[in-house]
Amino acid sequence: MVSQEQATSALDERVEVLEANYQDLSRYASQLQTKLLDLEARSRRHNIKIVGIKEDSEKGNPTDFVSKLLPELLGERHFPSPLKVDRAHRSLQPKPAAGDKPRTIMGCIHHFTPE
């Protein structure tokens, strides 16, 4: 009987420790999830979509194409320094047939700060 009580007591202590650890880990996981959502949102803030540009206009180099296209479209005065584009690409759809709607160009602007 004594050994059963000791075993029960030991199990109760272990359960209490596990519950405390679970609460700590649950709080930590919640903090990590919040941080991840914030980082994802921040990374998307620099992304742009450009619609209506003919296919193959970028001539195999979409990054340079976008860095030159934006100042041309929006006005050089809005870009006092050269625009740096980290990456750019067409949407991942199949290439459309001639005459169909062109795919969207997506680009990621590096540290752009408006005037």
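Table for the structure above
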{"item": "Search result, residues across the range 41-50 that are part of a helix (DSSP H, G or I) and surrounded by 10 or more Cβ atoms within 10 Å (Cβ to Cβ)", "result": "Ser43"}
{"item": "Condition check for Ile53: in a loop (DSSP other than H, G, I, E, B) and hydrophobic (A, V, I, L, M, F, W, C)", "result": "yes"}
{"item": "Lone unmet requirement of (1) surrounded by 10 or more Cβ atoms within 10 Å (Cβ to Cβ); (2) modelled with pLDDT of 85 or more for Lys54", "result": "(1)"}
{"item": "Every residue from the range 30-54 that is touching a residue at least 24 places away in the same chain (Cβ under 8 Å) and either in contact with a strand residue (DSSP E or B) (Cβ under 6 Å, 6 or more places away or on another chain) or among the aliphatic types (A, V, I, L, M) (or both)", "result": "His46, Asn47, Ile48, Lys49, Ile50, Val51, Ile53"}
{"item": "Condition met for Glu13 (outside any loop (DSSP other than H, G, I, E, B), more than 30 Å from Val66 (Cα to Cα) and modelled with pLDDT of 90 or more)", "result": "yes"}
{"item": "Evaluation of Lys59 against (1) free of Cβ contacts under 8 Å to residues at least 24 places away in the same chain; (2) surrounded by 10 or more Cβ atoms within 10 Å (Cβ to Cβ); (3) among the basic types (Lys, Arg) (one fails), failing number", "result": "(2)"}
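The values are calculated or read from the model by the stated rules, or taken from the named source; none is laboratory data. Keep in mind that this is a model prediction, so the values were computed, not measured. When we count neighbours, we look across all protein chains shown, and the Cβ atoms used for this are built from the backbone with ideal geometry, even at glycine.
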